[in-house]
Each structure stands twice: as C-alpha cells, then as structure tokens.
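First up is the structure itself, then whatever we jot down about it.
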Amino acid sequence: MNGALLAPFLALALAAPASAARDTAAGVQAAFTDLTACSGNPDAHPFCKLKNESYAPWDEASRTLVLRALSPIGEAPGSVVLEGAFAEHGIKGVHFIRMASGEDTAASIIFEDQVLVYLYPPFFAEKVVYGSWSQQSHVLAHEFFHDYARLHATQGVFSSPFYSTLTEALAWGYPKKRHQAVPREEYLAKLKLRNALVAEGKYADSVEVDLGYARSLGFPSLYSMTEVEEYFAELSAFLLHDSALPAQLPPAVTTWLRANDLAPLLGG
C-alpha cells in the first residue's frame, strides 16, 4: 500500500467504471461496490445481508474524492504495516460502499478475505484538514487500522494480548468507556466546543481545540479518549501523517508499538 504500489491503481481507477475493480501491485483489489440492488432483494449481492441499511450509487465526483483521500495513505512510509498485514492474512480486496443515509462518517468490517468500508454522507462533507491530510484521508486510515486490529486481536478486545497489553500501557482501567484519567465534564466541554467550531466552519480552530487538549494529556485526539479500540485506530492513523506525535506519546505507548511490530509508524 505504499505510494509506488498504489499509484498505478489510482491512475486506472480514475478512468474505470464505478463498478470496476483493479489489481494493485500488492495483489489486493480495490473496488467501488454499488449495493443499491440490495433494496428489497437480499440475494442481489453477497454483501447485501451484512447490513440492513440503504445504499447510494457511486458517481464520478464521489469516486474521485475517495481516490484523492487514498493517495496520501499509500504515500506514507508507515503504510507498510497495513500492506504487510493484509498480505499476511490473505486479504484479497477492499470494497468501498456508499451509504444513502446515516450519521456515522465511516465503518468497516472484514468479510471472509475482503475488507468492506462503508462511507456515509458525512464523510463526503468533511472539511477539516490536518496539515496536508484531509479528514477523509484520516478517516480511511483510521478504518484500515481498525481492520488491522481485527486481524491481530482475534480473541476479542480485552482477552486478546494485542489490546490487553495496550490497555496496560495506557493504564486505561475499567469500564473501557473513556479513559479514567480524563475528567468527564471537561472532556464533554471540549468536544462540544470542537463540534461547534466545525459547525461554524472554523476548521483550523476546531483542530486546535481537539489536538491541543488531547495532546496535552498524551492522547492523539479527543476521539481517541473514548475506547481503547478507537485509541489504537486514531493513534495509528495520526502517526501516518503527524510527525510531531511520537514525541508527545507516553514512553509506554512507543514501547508497545515497537513490541507489536508497529515501529514503522514511529518513523525515523
């Protein structure tokens, strides 16, 4: 999934029909999969029975937006950990599925040897930018790292060594919802302010509130404070594009990353 491997796919897919799939040099196919036929016909496609929701067709503008969001992920040196995990676990394809409604931004699952990434209307409306990365790029990387974790945490969140050792490194505590070191009311106030700034179109200010507060406590972002699974996905996605983050992490987290073959995310 590095830049050299992904670039040929991007060039081909931009000119391909919406339903077409293209091989990457890494052996993984990516496709814009239209599931609109699932409505009233659960046998129309093997994926129809996985989600009982409404789907939207792909158009050129939405496909191009996704392709542009994918490009910096492939160019990031740390993406080798995703490429390696997909190859090791036999992932053959990534399907982007456009949803007609929903308040989520994106979601993903692994079905047999395929990764399915569901993109909801808010994904296409995102305007937040992190340096040279759009929010869409960050969201896609976040979802890919959820898939990475699913491939490595097959025993479940807290019973799997992958997550249990991260939980210990973070001193997360129980219950898993929201880190115990983060005051609830303070967290909610910052989240409310961040969302208000986004609604007002003050995107740079929203990022400053989000990351300024979270990084002061050793977290990648506000969202990373909610669950250990989200911490990992946010941590890994930000490490792909934020060179300042490694120095802001607790030593126990960088030790955990190295112990779990994730050192490429730390750069250097």
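Read-outs: derived from the displayed coordinates by stated rules, not from any lab. This is a predicted model, so every value here is computed, not measured. So basically every Cβ, Gly included, is an ideal-geometry build from the backbone, and we count neighbours across all protein chains shown.
Per-structure values
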{"item": "Additional length obtainable on full extension of the chain from Glu60 to Asn260, 0.36 nm per residue less Cα span", "result": "68.1 nm"}
{"item": "Proxy reagent accessibility, fewest Cβ within 10 Å first, across Ser206, Ser39, Ser101", "result": "Ser101, Ser39, Ser206"}
{"item": "D_trans [Stokes-Einstein, Kirkwood Rh over alpha-carbon pairs] for the stretch 115-268, 20 °C, 1.002 mPa s, µm² s⁻¹", "result": "133 µm²/s"}
{"item": "Pairwise FRET efficiency - Ala204 versus Glu75, Cβ, R0 = 25 Å, nearest 0.05", "result": "0.60"}
{"item": "Gap separating the Cα centres of the stretch 60-86 and the stretch 201-268, nearest whole Å", "result": "19 Å"}
{"item": "Directionally averaged projected area (convex hull, Cα atoms, the stretch 63-190), nm²", "result": "9.7 nm²"}
{"item": "Inter-label distance, nm, simple model (7 Å from Cα along the C-beta direction), Glu112/Lys49", "result": "1.2 nm"}
{"item": "Of Lys127/Lys192; Lys51/Lys127; Lys49/Lys92, pairs whose Cα-Cα distance is over 23 Å", "result": "Lys51/Lys127"}
{"item": "Fully extended contour minus Cα-Cα distance, from Ala252 to Arg184, at 0.36 nm per residue", "result": "22.1 nm"}
{"item": "Asp104-Ala37 pseudo-label distance in nm [points 7 Å out on the Cα-to-Cβ vector]", "result": "2.4 nm"}
